[in-house]
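Contents: one structure, followed by commentary.
The values are calculated or read from the model by the stated rules, or taken from the named source; none is laboratory data. These numbers were taken from a predicted model, which means no experiment stands behind them. Cβ: placed from backbone, ideal geometry, glycine included. Neighbour counts: every protein chain shown.
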Amino acid sequence: MKIKVLYEENIKNGHKNYTTIEIPEGDYSIMLDIDYEQRLAEAKPEKKDEVKRCETVQEMFDLLNSKEYNGWRRETRRIDPNPKM
């Protein structure tokens with residue numbers, strides 16, 4: 001299975017540059033279980049029923065990457081990449 005990972009240093013001026021990783025089939029089920037358990041433990045009691053188990057590793061990485069990207073974008077959206085001198 002191939003998954004796309006977005007690392008923080010690969011975000012250039014709001015453009016996402018992904019790295020592709022190859023994972024052998026079947027090796028990722030434990031990782032999906034651990035991810036689900038961690039997100040369930042971190043969720044507020046009233047939100048626990050909204051936490052869903054990711055079906056694929058790509059879905060899990062997309063969820064993680066969206067949080068990282070949104071945080072980065074929120075902090076840097078007003079910074080002009082080409083300031084006028």
- Query: What residue, of Leu64, Leu32, is surrounded by 13 or more Cβ atoms within 10 Å (Cβ to Cβ), modelled with pLDDT under 80 and either within 17 Å of Val5 (Cα to Cα) or under 15 Å from the mean Cα position of the chain (by Cα) (or both)?
  - Reply: Leu64
- Residues located in segment 1-54, provided they are touching a strand residue (DSSP E or B) at 6+ places or on another chain (Cβ under 8 Å) and within 27 Å of Glu75 (Cβ to Cβ): Ile3, Lys4, Val5, Leu6, Tyr7, Asn10, Asn17, Tyr18, Thr19, Thr20, Ile21
- Scanning segment 39-58 residue by residue, those surrounded by 11 or more Cβ atoms within 10 Å (Cβ to Cβ) and within 16 Å of the chain's Cα centre (by Cα) turn out to be Arg39, Val51, Lys52, Arg53, Cys54, Thr56, Val57, Gln58
- When the residues of segment 68-85 are filtered to those that are in a helix (DSSP H, G or I) and of a type in the set (Lys, Arg), which remaining residue is nearest to His15 (Cα to Cα)? Arg73
- Item | One residue from Ile11, Ile23 being over 14 Å from the mean Cα position of the chain (by Cα), surrounded by 11 or more Cβ atoms within 10 Å (Cβ to Cβ), within 27 Å of Met1 (Cβ to Cβ) and in contact (Cβ under 8 Å) with a residue 12 or more places away in the chain | Ile23
- Would a scan of segment 40-58 turn up a residue that is touching a residue at least 40 places away in the same chain (Cβ under 8 Å), acidic (Asp, Glu) and assigned to a helix (DSSP H, G or I)? no
